[in-house]
Ligand code: AP5
């Protein structure tokens, strides 16, 4: 088995998985795969499949496992796994967790850890409602916590930022319901494999990042940069 870093994140909507992925990607020089981003890419192509996915996401439901596994396999075909990878927003079902094991095992790789982000609901509400994104790059901002230099404008390209359609209180409730229903078996699955690392995600991004890197260091994983 290779020693590259392979992490998955377990956590409620807007707990900071994407934000930490950006920091971890740069620090450990690993690939970042967000199933949410992959799905939004399909939606942008406006195909029939994209329309079906959009319908599910806008109601806060889970996209079928078959679609998710196909997207992941496609992405892995063009990814150098030697560098390791962060699986952001994946797995969300036991079938996906088992699928990930097979996908990695088939490539002589295995998961290093499953980071379990713990964050209070009132904080999730603030993070969801204030989030703004630059769709083309996936850059993440927050109106209060991480404001762009000019409100509503991407710092790098000068293009407009958008609010995700599923970042409303109404859809958040549904996303939380789905998360609460599905998270226990996934946690149990990774506990049984001794892979769970709990992270207090209520703190600032820098402090959350510090906790993650400290806990990874106890596994012998050191920063690349
Ligand atoms: P996805 O895009 O994965 O959404 P999510 O899991 O709900 O996570 P988010 O993207 O909302 O948040 P995040 O945790 O990345 O937080 P972020 O760093 O942006 O999935 C969307 C939908 O796609 C799902 O609902 C489902 O329908 C479908 N889907 C996706 N994957 C699937 C799968 N595997 N199977 C089936 N369906 C799937 O941070 C949020 C905000 O908070 C930002 O503004 C950020 O600046 C701010 N922030 C972050 N960290 C902090 C901090 N520590 N302190 C203060 N502010 C912070």
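The values are calculated or read from the model by the stated rules, or taken from the named source; none is laboratory data. What you see is a predicted model; the values in this text were computed from it and never measured. Here the Cβ positions follow ideal geometry from the backbone for every residue, glycine too, while neighbour counts run over all protein chains shown.
Mind listing just one residue for me: the one in region 102-117 that is in a helix (DSSP H, G or I) and either touching a helix residue (DSSP H, G or I) at 6+ places or on another chain (Cβ under 6 Å) or over 23 Å from residue 218 (Cβ atoms) (or both) and, of those, farthest from the ligand (Cβ to nearest atom)? That would be 105. Among residues of region 127-152 being more than 17 Å from the chain's Cα centre (by Cα) and under 14 Å from residue 166 (Cα atoms), the one that is nearest to the ligand (Cβ to nearest atom) is 130.
Among residues of region 3-18 being more than 22 Å from residue 70 (Cα to Cα), touching a residue at least 12 places away in the same chain (Cβ under 8 Å) and more than 10 Å from the ligand (Cβ to nearest atom), the one that is surrounded by the most Cβ atoms within 10 Å (Cβ to Cβ) is 5.
Go over the candidates 68, 57 one by one and state the one that is more than 13 Å from residue 88 (Cβ to Cβ) and modelled with pLDDT of 95 or more. None of the others qualify; the one that does is 57. If the condition is being within 12 Å of the ligand (Cβ to nearest atom), in contact (Cβ under 8 Å) with a residue 24 or more places away in the chain, assigned to a helix (DSSP H, G or I) and within 20 Å of residue 61 (Cβ to Cβ), then region 19-48 contributes 35, 36, 37, 38, 39, 40, 42. Checked against (1) at pLDDT 95 or above; (2) more than 9 Å from the ligand (Cβ to nearest atom); (3) surrounded by fewer than 19 Cβ atoms within 10 Å (Cβ to Cβ), residue 62 passes all but a single condition, namely (2).
Of all residues in region 92-116, those that are within 16 Å of residue 185 (Cα to Cα) have Cβ atoms under 6 Å from Cβ atoms of residues that are in a strand (DSSP E or B) and within 13 Å of the ligand (Cβ to nearest atom), 6 or more apart or on another chain, in 114/8; 114/10; 115/9; 115/199; 116/10. Given the structure, is residue 96 under 25 Å from residue 222 (Cβ atoms) and near the ligand (Cβ under 10 Å from one of its atoms)? Answer is no for this residue.
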